[in-house]
1. Just wondering, is there one or more residues in the stretch 230-244 that are surrounded by fewer than 15 Cβ atoms within 10 Å (Cβ to Cβ) and charged (D, E, K, R)?
2. Mind telling me which of the residues Y56, Y49 ends up being in contact (Cβ under 8 Å) with a residue 12 or more places away in the chain, open to solvent by less than 10 Å² (accessible area, probe 1.4 Å), assigned to a loop (DSSP other than H, G, I, E, B) and among the aromatic types (F, W, Y)?
3. Can you name the residue in the stretch 306-323 that is in a helix (DSSP H, G or I) and free of Cβ contacts under 8 Å to residues at least 24 places away in the same chain and, of all such residues, is nearest to D20 (Cα to Cα)?
4. Could you list, ordered by first residue, the pairs with Cβ atoms under 7 Å in which the first is in the stretch 161-181 and within 15 Å of D211 (Cβ to Cβ) and the second is among the hydroxyl-bearing types (S, T, Y) and outside any loop (DSSP other than H, G, I, E, B), at least 6 apart or interchain?
5. Which ones in the stretch 216-240 are assigned to a strand (DSSP E or B) and in contact with a Ser or Thr (Cβ under 8 Å, 6 or more places away or on another chain)?
6. Give the number of residues within the stretch 248-289 that are crowded, with 17+ Cβ neighbours inside 10 Å and in contact (Cβ under 8 Å) with a residue 60 or more places away in the chain.
7. Which one of the conditions (1) in a loop (DSSP other than H, G, I, E, B); (2) within 28 Å of K304 (Cα to Cα); (3) modelled with pLDDT of 95 or more does L11 fail to meet, given that it meets all the rest?
8. Assuming H176 fulfils every condition listed in (1) surrounded by 18 or more Cβ atoms within 10 Å (Cβ to Cβ); (2) within 20 Å of A115 (Cα to Cα); (3) not aliphatic (A, V, I, L, M) apart from one, which condition is it?
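The values are calculated or read from the model by the stated rules, or taken from the named source; none is laboratory data. Here the structure is a predicted model, which means the values were calculated and not measured. All Cβ positions, even for glycine, are placed from backbone atoms using ideal geometry, and neighbour counts span all protein chains on display. Ligands, DNA and RNA are stripped out before the accessible areas are found, and what is left, the full protein with its side chains, is counted by its heavy atoms. Shrake-Rupley method; radii C 1.70, N 1.55, O 1.52, S 1.80 Å.
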Amino acid sequence: MAPKILICETLDWAHQDLQDLLGSIAEIIHLDSPSRASFFADCRPGGKYDGVVGIYRENESAKKIGKYDKELIDKLPSSVKWIAHNGAGYDPVDVHACKARGIYLSNTPVAVDDATATTALYLMISTIRYFSLGERTLREGKWRPEVKARAHDLTGKTLAVLELGGIGKRVAEFAHAFPMRIIYHNRKRAEDAPDYCEYFADVEEMLHQADMLLVGVPLRKETEKLVGEKWIRALKPGAIIVNIARGKIIDEEAMIRALEDGHLASVGLDVYPNEPEVNPRLLEFPNVTLLPHMGTENQDTQRKMEVRALTNLRDFILTGTGTDLVVEYKGGQVKT
C-alpha cells in the first residue's frame, strides 16, 4: 500500500513535478478542510488524513487551519513522520513540538537564495541612494528630491552581514562586485566563506566598522530582538540597516528611535514583526524603503521552492531522510 502524502494547501507551479516526484510512489491527497476545527476532526483515527506519513506545507494553509503550533502538531495523525515546509524560514512551524512527536521538519534553503539576495541588493541601493523617495516624489508630480548631501555610492562602503548563510553569501557576492568591503559575524567562522569576507567573532567590533548592516538571522526564540538598542547604537552614525530575515529579529522601537534622532540614515525592510500590519510610524520617514515581504515573490523562485519541498518528501519516502532537515535536528535524531 502506497504511503499517503498530504498537500497542504496548494501548488502554483509544480503540478507536473508533483506527479513526477511522488505520483508513482505515494497516494497524494489534498487539504480540503475548510477550518482548523474540521482539520483536527479529519486527523482523528478513521478520518480522511488518517495514515498520512508526510505533509507538504506552505504558508497559505494558515488562512484555513492556522500555524503549525503545538496544538496542531499534537493533533496530527500518529502516522505523520515528515513535514516538508515550503520556505527557508520555518518559524510558522513549532519545531520543538515536531521533535517531541518524532516528526522531522525540512525547509527549502538554496531555492530562495537568489531572489532574497536580489531583494537585499535592491534595498541596499535604494536606501543609500534614496531611490524610493525619488520615485514617490516623481509620482506626486514633482521633480527629484534634494538628496545629494545625504546620498552615497555603495562603492567602497563596508557591509556587515549578520549570519553568512546561503543568502548572506549570495548578497556578499553581489556587493563584492561594486566593490564593497564585506565583514560578517556568525556563531563560528563559516568554513565556505569567500576569501573576501572578513570574520568577526566580536559582533560589536564588527558593527563599529559597518556602513550598512544586513540582517539574515533565522527567527528563533533566542533571536527575537537580537538587534536591539545596544547593537544599533554600535553602528556608525549614519549607518543603514537592511532586513530580509524576519521582522521580530530587530527591536522595532529601538530602530525607530535611531531613525528619529538620525543615528540611522535609513532602513530597508522587507519584513515586519506583525505582518501584514506595518507600524504606521515607519511610513512617516521619507528616507526609508519598505517592501511588503515580497523577497521570493516570483514564479521562478516559487517553483524552485515547491520542487525542493516535494523532493524532500520523495527522499523521505525512498530513504527515510532528506537533505534539508532544519538545524534543530543535529545528527538527524528525534524523539521516538
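1. Narrowing the stretch 230-244 to residues surrounded by fewer than 15 Cβ atoms within 10 Å (Cβ to Cβ): 230, 237-238.
Then keep just the ones that are charged (D, E, K, R); that gives 230.
Yes, that holds for at least one residue.
2. Answer to the check: Y49.
3. Restricting to residues being in a helix (DSSP H, G or I) and free of Cβ contacts under 8 Å to residues at least 24 places away in the same chain, the top hit is D315.
4. Cβ pairs passing all conditions: V161/Y184; M180/T158; R181/T158.
5. Keep residues of the stretch 216-240 that are assigned to a strand (DSSP E or B), which gives 227, 239-240.
Residue satisfying the conditions is I240 alone.
6. So the answer is 9.
7. Failing condition for L11: (3).
8. Of the numbered conditions (1) surrounded by 18 or more Cβ atoms within 10 Å (Cβ to Cβ); (2) within 20 Å of A115 (Cα to Cα); (3) not aliphatic (A, V, I, L, M), the odd one out for H176 is (1).
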